[in-house]
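Each remark here refers to the structure printed beneath this line.
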Amino acid sequence: GQALRGQLGAGDGQRDRSVPGAVTMPSGVTFLTITAGFDHTCALDAAGAAWCWGDGSSGQLGDGGSADAPVPVAVTMPDDVIFVSIDAGNAHTCAVASDGAVWCWGLGPQGGAATTDVVAAPTRVAIGEGLAAVVVSAGGFHTCALTSDGRVWCWGDGSTGQLGVGGTDGSVVPAPVVGWSA
């Protein structure tokens, strides 16, 4: 495919690669997990910090801005937060913290914020009172989280029923999937 926004992470401006190439790694950083969105890529390092690269036009790199990054840039981490998993969607990214909190950044409701604006740094998403997320999954324009009580909560674009809340309306805040039981 064509790398127009730096999502290959090599920093060399190459548009295509027919063979694997190394990502230009930040000094002293080891990535443990990685996720690819539409035109951006993110990874978690051994300390639980997030790094992203590629298209930043919708804040999906989480560094507080909207510039593209041809090499990994540090996500603006919330104080005292350690991420344990991360997933990238079309123009947003979400992560689960060690305490079960969900943090999202990027474009509008699929980023988890109660707005359709760009959220350029991690913002905590309120998923049910006192519930802890086990995993989060970012779709193209929506996101879902599985909580420790076995329920699924979704938010973002619901135009084709992908939120599972009984209809085709979108939601800027997490809503429990109807009929779900663990």
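Taking segment 51-63 only, how many residues are of a type outside the set (Asp, Glu) and open to solvent by 10 Å² or more (accessible area, probe 1.4 Å)?
Residues meeting the conditions: 3.
Go through segment 71-150 and tell me which strands (runs of 3 or more DSSP E), entirely inside it, have 1 or more residues that are over 14 Å from the mean Cα position of the chain (by Cα).
133-138, 142-147
Can you tell me which residues in segment 105-128 are at pLDDT 85 or above and either on the phi < 0 side of the Ramachandran plot or open to solvent by 50 Å² or more (accessible area, probe 1.4 Å) (or both)?
Residues satisfying the conditions are Trp105, Leu107, Val118, Val119, Ala120, Ala121, Pro122, Thr123, Arg124, Val125, Ala126, Ile127.
Residue by residue through segment 25-50, note down the ones that are open to solvent by less than 40 Å² (accessible area, probe 1.4 Å) and not in a loop (DSSP other than H, G, I, E, B).
Thr35, His40, Thr41, Cys42, Ala43, Leu44, Asp45, Ala50
Only residues that are among the small types (Gly, Ala, Ser), open to solvent by 20 Å² or more (accessible area, probe 1.4 Å) and more than 15 Å from Val178 (Cα to Cα): list them for segment 142-165, please.
Ser148, Ser159
Just the residues that are surrounded by fewer than 21 Cβ atoms within 10 Å (Cβ to Cβ), more than 16 Å from Ser137 (Cα to Cα) and in contact with a Gly (Cβ under 7 Å, 6 or more places away or on another chain), please, taken from segment 64-97.
Gly65, Ser66, Ala67, Asp68, Pro70, Val71, Thr76, Ile82, listed by residue number.
Out of the residues in segment 166-179 meeting the condition of being more than 17 Å from the chain's Cα centre (by Cα), hydrophobic (A, V, I, L, M, F, W, C) and under 25 Å from Ser98 (Cα atoms), tell me which one is surrounded by the fewest Cβ atoms within 10 Å (Cβ to Cβ).
Residue satisfying both the conditions and the ranking: Val177.
The values are calculated or read from the model by the stated rules, or taken from the named source; none is laboratory data. The shown structure was predicted, so the numbers you read here are calculated from the model rather than taken from an experiment. Cβ coordinates were reconstructed from backbone atoms using ideal geometry, including for glycine residues, and neighbour counts include every protein chain displayed. We work out accessible area using only protein heavy atoms, side chains counted, and drop any ligands, DNA or RNA first. Shrake-Rupley method; radii C 1.70, N 1.55, O 1.52, S 1.80 Å.
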